[in-house]
Amino acid sequence: MIYSFWIFDRHSECIYTKEWSEQPTYGPTSNHSHNASISSNHSFGSAQGSVGSSRRASRIEGIPSVNTSIHPVAKRNREDDAKLIFGAVFSLRNMATKWAGENGTDSFVSFKTNKYKLHYFETPTNLKMVLLTDPSRPSLRDALHDIYVNLFVEYVIKNALSPQEFSSTNPIDNDLFNNGVDTYIKGLA
Amino acid sequence: MVSSTALELLLAEVVPAALRVSQELTEPEEGSKMAPFGYLVDSESHLDNVYFRVEGYGYRVGRGIAESFSNERPHFADTLDMMKFICKDVWLLLYNKQVDHLKTNHRGTFVFVENQFRGCQRMSAKGGQVETMKGATPYLWFPVGVIRGVLAALGIQADVTFETTQLPVVYFNIHVVQ
């Protein structure tokens, strides 16, 4: 079971997300307990601060926009999830790299809880790709590498009609990439 | 000979660059609103100007290609032979593949049928097929210019247009001016 896929650019912006099924198993409570266990890291502590403040802001903004197609609660959670995931992988990666010694630049591969597993892949250009799956999945690093080489580079970088800079409000949005990711992930399941 | 990725990335910038030049010439005071990378040409007023520029770049490239890559081969027997040169040699050079089909009525009209035109294969814009077609159109003027340029270098004057209803299927129509 594959839950969701996330891409973060080198400015830490979440530039693409896609979800495949309901993810009732990883709710806010499990995320919070998870945060607490690694929040001693300084950089993660600051990331957490920004998550908290933006959550308050988005909750206020969320109220008037009830008539949008996505339920405001779901939308707000997705934004928060992106920040939580980024914060988690950012500090885990730094920790893993630091403790691995000299050749430790690529040492953070995945982590898992009893509810889900997070697969991580980072490109030399600092693009961070994250896949959330059920905990029993073997490593999907190769899959993330495939998505990067065969879909991201082909349909985003080499796509003349695609912008080259994205942000969380202006994410990657083109049919070739979207359908490509969907087909690839469904092929894995 | 040419890195196809390098060529592709360069061509991706050709249309926005042409649009910027066109904007700067017509509205110099609005320099701050210039088209960024990956910009879709949507203002009709600049479209003609962009056409002449992009088609012109293609024409220049076509002229050069014809001179650089036809010297190894025997002389051309007829116009059809020249079309075959474009479909095979020139297309291999630019797109790493040959044109899928070459049709002719033997009276000066030729059609290159491309079922998977490499130049548009990876194009996809926000907003789906309609926006993609709109955005891809200026990029197709480049190969149009290339065809016209190669033919011009070989002494043939021709009108070249393209047609597409579903990318990446593209038809290039060539009418030789008698």
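Here are the numbers for the structure shown:
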quantity	calculated
Distance in nm between pseudo-label sites at B:Asn115 and B:Lys134 (7 Å out along the Cβ direction from Cα)	3.1
Backbone N under 16 Å from the A:Arg141 label point (7 Å along Cα→Cβ), restricted to the range A:96-117	A:96-112
Local electrostatic count, A:Asn114, Cβ distance below 15 Å [Lys/Arg +1, Asp/Glu -1]	+3
Rounded to the nearest 20 debye, dipole of chain B from Cβ charges on Lys, Arg, Asp, Glu	500
Average beta-carbon neighbours from other chains, 10 Å sphere, peptide A:160-171	5
Simple label model, 7 Å out from Cα along Cβ direction - A:Ile157 to A:His11, nm	1.9
For B:123-130, mean number of other protein chain Cβ atoms within 10 Å	6
Neighbouring partner chain Cβ atoms per residue of B:8-18, average, 10 Å criterion	2
Local electrostatic count, B:Val61, Cβ distance below 12 Å [Lys/Arg +1, Asp/Glu -1]	+1
Sequence-separation-based contact order of the range B:2-176, relative, with Cα cut under 8 Å and 6+ spacing, percent	27
Sum of -39500 (n - 2.57) over DSSP H runs of 4+, divided by residues of chain B (222 nm, nearest 500)	-17000 deg cm²/dmol
Loop trypsin sites (Lys or Arg not before Pro), the range B:79-178, which have at most 10 other Cβ atoms in a 10 Å radius of their Cβ (DSSP)	B:Arg107
Net length gained if the chain between B:Leu7 and B:Asn96 were fully extended (0.36 nm per residue, minus Cα distance)	30.9 nm
Proximal charge balance of B:Leu167 [Cβ under 12 Å; K/R count +1, D/E count -1]	-1
Cβ-based charge dipole, the range B:2-176, positive-most Cα from B:Thr137, B:Leu47, B:Thr164	B:Thr164
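Each value in this text was obtained by applying a stated rule to the coordinates, not by laboratory testing. The shown structure was predicted, so the numbers you read here are calculated from the model rather than taken from an experiment. Note that we place each Cβ from the backbone using ideal geometry, even for glycine, and neighbour counts take in every protein chain shown.
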